[in-house]
Amino acid sequence: MRAHPMAGDTVLAVLLGLFDMLLFAADGLSEIATLPPWYIAVPVDIAMVVPLVFRRRSPLWSAYVVLVISIVHGTLELGVASIAGLAMSIYSVVVYAGRRQGLVYVGAVVAGSALMLALGPSDELVISAVFLAFGIALCWTLGEFVGARRAYDVEVEARLHLLETERDQATRIAVAEERGRIARELHDVVAHAVSVMVVQADGASYAIQSNPELAQRALQTISETGRGALGELRRLLDVLRSDDADGEPRVPQPDAHALAELADRMRTAGVPVELELGELGDLPAGVSLGIYRIVQESLTNTLKHAGRGATAAVRVQRTGDLVEVLVSDDGAGRVPQLTPAGGRRDPRLSVPGGNGLIGMRERAHVYGGTLDVGPAPGGGWQVRAALPVRLDK
């Protein structure tokens, strides 16, 4: 009935018409017939019920046709189809066309009913008027209830659609943010690995004739660094290619405990690193990863920009609920000038718009921390970060 409303209305109209036909047949079998001939009664009965089939699709058109035919049908006293049709029409107009159209239609029904009552027997006038008023009130009340229910269902459906849309948008935003984070991870991986490989390749090219053993170690470092970078790149690119979170197991992200290995790789690459680590055993995974990436990016910049012979120092200390990270280098013993006479300056002074420092700042800010990057007071370069520790209780 709900899926095919016209089919249900057709069944109701047919049943109502058959009932009036039975009344007509019973009247014909009686000794004294009171109804008009069949060629008048049958067409009027059919015309009375046919508009009810379209009461939901075209409620106003159907209701006014029913009203006009009901005057003829009721005057001829052909059955109950006129009363039932008017009741169904009042209900349909209130539900599907609204209160204003319902009031207009009720006024038209009252006028049409008054005309029928005026043409009928006078002794039934009061009873018919009471019955008419009761029927109109009942149909109106039922129409108001169903109309309110329909409006409520429409509002609930609209809200559910809006919530679903907002959920989809939130999901897309979350995916975009995650892919932005992965893009920064890619930058960190590529920048660090390529910098190490370039430095090692340069060293190998110088030592390949005079010190083959040193050149071999440099090539081995290039090979190991490249394999590690390719593995991490493959893992991150798999995430970028697909939205599906299920799949092969992922390689664990590095954390603060991997700083010693990072320092060893930098020493192998030619940058002496002094590492000082405090107690970092119970850091949250995100904070620990952020510390590692900040140190990695800082040492990569030292390797690329500090110059030959530069040394670096990394200190990570925890004081209460705050982790302080300090990465500094001596810039090969040179004090950088903001506007040197020769027009050259430390290349890192032009980096603030790059992805590396942006990534470090975002990693610090996402955990409510701070990041300061710039020339060190005694020469060289330093990166200072402070990250609050938020442990899950």
For His73, the lone unmet condition from (1) open to solvent by less than 10 Å² (accessible area, probe 1.4 Å); (2) assigned to a helix (DSSP H, G or I); (3) in contact (Cβ under 8 Å) with a residue 24 or more places away in the chain; (4) touching a Pro at 6+ places or on another chain (Cβ under 8 Å) is (4)
In this structure, does Ser62 turn out to be touching a Lys or Arg at 6+ places or on another chain (Cβ under 8 Å) and under 16 Å from Ala81 (Cα atoms)? yes
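Could you tell me whether segment 356-372 includes any residue that is at pLDDT below 70, β-branched (Val, Ile, Thr) and open to solvent by less than 80 Å² (accessible area, probe 1.4 Å)? Quick ask: steps written out before the conclusion?
Going through segment 356-372, the residues at pLDDT below 70 turn out to be 356.
Narrowing further to those that are β-branched (Val, Ile, Thr): none.
No.
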Positions within segment 377-386 being farther than 14 Å from His305 by Cα and at pLDDT below 85, in sequence order: Pro377, Gly378
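Has segment 9-17 got any residue that is farther than 24 Å from Gly147 by Cβ and touching a residue at least 12 places away in the same chain (Cβ under 8 Å)? First the steps, then the outcome.
Step one: of segment 9-17, the residues farther than 24 Å from Gly147 by Cβ are 14-15, 17.
Adding the requirement that they be touching a residue at least 12 places away in the same chain (Cβ under 8 Å) leaves 14, 17.
Taking every residue of segment 9-17 in turn, at least one turns out to be farther than 24 Å from Gly147 by Cβ and touching a residue at least 12 places away in the same chain (Cβ under 8 Å).
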Determine the pairs where a residue that is under 12 Å from Gly226 (Cβ atoms) and modelled with pLDDT of 70 or more, located within segment 178-205, has a partner that is outside any helix (DSSP H, G or I) and open to solvent by less than 50 Å² (accessible area, probe 1.4 Å) with Cβ atoms under 6 Å apart, the partner being 6 or more residues away or on another chain. none
Are any residues in segment 80-109 open to solvent by 30 Å² or more (accessible area, probe 1.4 Å), over 17 Å from Phe134 (Cα atoms) and not in a helix (DSSP H, G or I), and if so, which ones? Ala97
Within segment 27-67, can you find the residues that are open to solvent by 70 Å² or more (accessible area, probe 1.4 Å) and charged (D, E, K, R)? Glu31, Arg56, Arg57
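The values are calculated or read from the model by the stated rules, or taken from the named source; none is laboratory data. As the structure is a prediction and not an experimental result, all values here were calculated from the model. All Cβ positions, even for glycine, are placed from backbone atoms using ideal geometry, and neighbour counts span all protein chains on display. Surface accessibility is based on the protein's heavy atoms, side chains included, excluding ligands, DNA and RNA. Shrake-Rupley method; radii C 1.70, N 1.55, O 1.52, S 1.80 Å.
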